[in-house]
Amino acid sequence: MTVGVLALQGDVREHQRLLSELGAEAPRVRTPEELAGVDGLVIPGGESTTMAKLAAVLDMLEPLQKAVAGGLPTYGSCAGMILLADRLVDAPADQETIGGLHVTVRRNAFGRQVDSFEAPLDLAGQRRPFHAVFIRAPRFVTLGPTVEVLARLDGEPVLVRQGMIMAGTFHPELTDDPRLHRQFLESVSSGG
Ligand code: GLN
């Protein structure tokens, strides 16, 4: 199975490491040709405005929009989740997204004083909590009816799934816990 990591900016190597440890091929994706060769895609954490600009400059925005709309299994962490959102608030007016995930997302939504924190998350069907790292994290403001919540923090959604898209406000790539990457790989192999 080949799960590419969008390599414009951000935590690319960290995702590649976890995916390879789980036995997947995890090439970098920077061109439409590379995108066409993958069974699934991870969009990493980083800086969503930079990634969106680079995607546009490299003529990757439209191929990414088509691939996600066409059902390519895709996981977005933090900035990656922002890129997958249909709508943004508190973002530059011209910030484009790949879209496809029927949510509204607020960038940098936790304010400066708590802009980075870590918290244990309960995952459905799992006894051991997932140690989640939040860095200048976005928040879901609205969720469309087809969006399923996989994990909450203080009642608020932080990990969601909609069809073949998974997205979360935190960084599973910055820990050694492979459970969310494994869950994503399982969805790639079952339906991708
Ligand atoms: N605040 C960042 C953005 O808007 C996302 C933060 C992250 O990925 N750690 O892109």
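Tally up the carbon and sulfur contribution to the accessible surface of region 40-192 as a whole percent, 1.4 Å probe, everything protein left in place. Display every interim value, and only then the final one.
Values: 3460 of 6900 Å².
Ligands and nucleic acids excluded, carbon and sulfur reach 50 percent.
Quick one: grab the alpha carbon gyration tensor of region 88-192, order the square roots of its eigenvalues as a ≥ b ≥ c, and give me rounded if a/c is under 1.5, else prolate or oblate depending on whether a/b is larger than b/c.
Working: a/c = 1.78, a/b = 1.16, b/c = 1.53.
Taking the square roots of the gyration eigenvalues as a ≥ b ≥ c, region 88-192 is oblate.
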Could you work out the mean projected area of the convex hull around the alpha carbons of region 45-124, in square nanometres to one decimal?
-> 6.3 nm²
When the Kirkwood hydrodynamic radius is evaluated over all pairs of different C-alpha atoms of region 126-174, what value in angstrom, to one decimal, is obtained?
-> 11.7 Å
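Only Lys, Arg, Asp and Glu count, each charged at its Cβ (+1, +1, -1, -1), so figure out the dipole size of region 9-156 about its Cα centre, rounded to 20 debye. Please list the in-between numbers first.
On the way: 15 positive and 20 negative charges, 63 e Å.
I would put it at about 300 debye.
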Which residue, I43, I82, I135, tops the fluctuation ranking in a GNM of the chain built on C-alpha contacts under 10 Å?
-> I135
Report, in cubic angstrom per residue, the convex hull volume of the C-alpha atoms of the chain.
-> 106 Å³
What's the extension gain from R128 to R13 if we count 0.36 nm per residue and subtract their Cα-Cα distance?
-> 38.8 nm
Whether region 1-49 is rounded, prolate or oblate, judged on the alpha carbon gyration tensor where a/c under 1.5 counts as rounded | oblate
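Near H131, within a Cβ-to-Cβ distance under 15 Å, what is the net charge of the other residues, with Lys and Arg +1 and Asp and Glu -1? Present the calculation step by step, with values, prior to reporting the outcome.
Details: positive: R127, R128, R179; negative: E14, E118, D122, E173, D176, D177.
Once positives and negatives cancel, what remains is -3.
The values are calculated or read from the model by the stated rules, or taken from the named source; none is laboratory data. Everything numeric in this text was worked out from a predicted model, so none of it was measured. We place every Cβ from the backbone using ideal geometry, glycine too, and count neighbours over all the protein chains shown. Protein only, heavy atoms only, side chains kept; ligands, DNA and RNA dropped before computing areas. Shrake-Rupley method; radii C 1.70, N 1.55, O 1.52, S 1.80 Å.
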